[in-house]
Amino acid sequence: MAGPPVPPPVEPSPPDDTLERAPEEARERRQNRWLAILSVIAVAAAAAAAYAIFEVEDTKDENREGNQAVNSLRADLEVLREQLTERVDTLEGRVDNAADAETQRKLQQDLEALDKRVKDLDRQDSTAPDNLTTRVDDLEQRVEDLEQDSN
């Protein structure tokens with residue numbers, strides 16, 4: 001009888017370098033992960049920089065438009081200032097030429113006195129035409145009388 005089957009003898013296997021490779025592969029995987037993470041961060045930073053540049057350019061354009069509006073307002077204010085200065089100068093000239101209260105009061109009294117004299121002269125003049133008419137009539141009569149006497 002034979003005994004239980006005996007397995008063939010196992011040949012010794014070559015030395016396993018998978019154990020030596022395992023730490024190196026793990027280290028490569030970690031490096032690859034970090035490289036991927038850093039690449040994503042770099043792409044995100046580039047996108048953020050591009051967005052910031054776009055916003056800066058847009059802000060510059062808005063500032064140019066704002067500066068144009070400010071310059072337009074400054075020009076309008078300068079025109080308004082010139083108009084106001086001209087009006088103030090005109091008013092100052094009128095004030096300088098205006099008489100004081102005492103002079104105005106004296107002129108008013110002189111005007112009232114002159115008005116009274118004109119009214120008196122009008123009254124005298126209204127009676128004068130009657131006198132003149134009668135005198136002219138008398139003169140005409142005398143001339144006619146003289147002409148008849150001389151004829």
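The values are calculated or read from the model by the stated rules, or taken from the named source; none is laboratory data. Here the structure is a predicted model, which is why all the values come from computation and not from measurement. Areas reflect the complete protein model, heavy atoms only, side chains present, ligands, DNA and RNA absent. Shrake-Rupley method; radii C 1.70, N 1.55, O 1.52, S 1.80 Å.
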Keeping all protein chains in position, work out how much accessible area K116 exposes to a 1.4 Å probe, and write it in Å² to the nearest 10.
140
Where segment 36-151 is the region considered: accessible area per residue in Å², 1.4 Å probe
93
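First compute the accessible area of segment 30-134 with a 1.4 Å probe, then give the percent of it belonging to carbon and sulfur atoms.
On the way: 5580 of 9640 Å².
Here carbon and sulfur together make up 58 percent of the probe-accessible area.
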Size of segment 18-151 along its principal axes in angstrom, Cα-based, largest extent first?
179, 43, 17
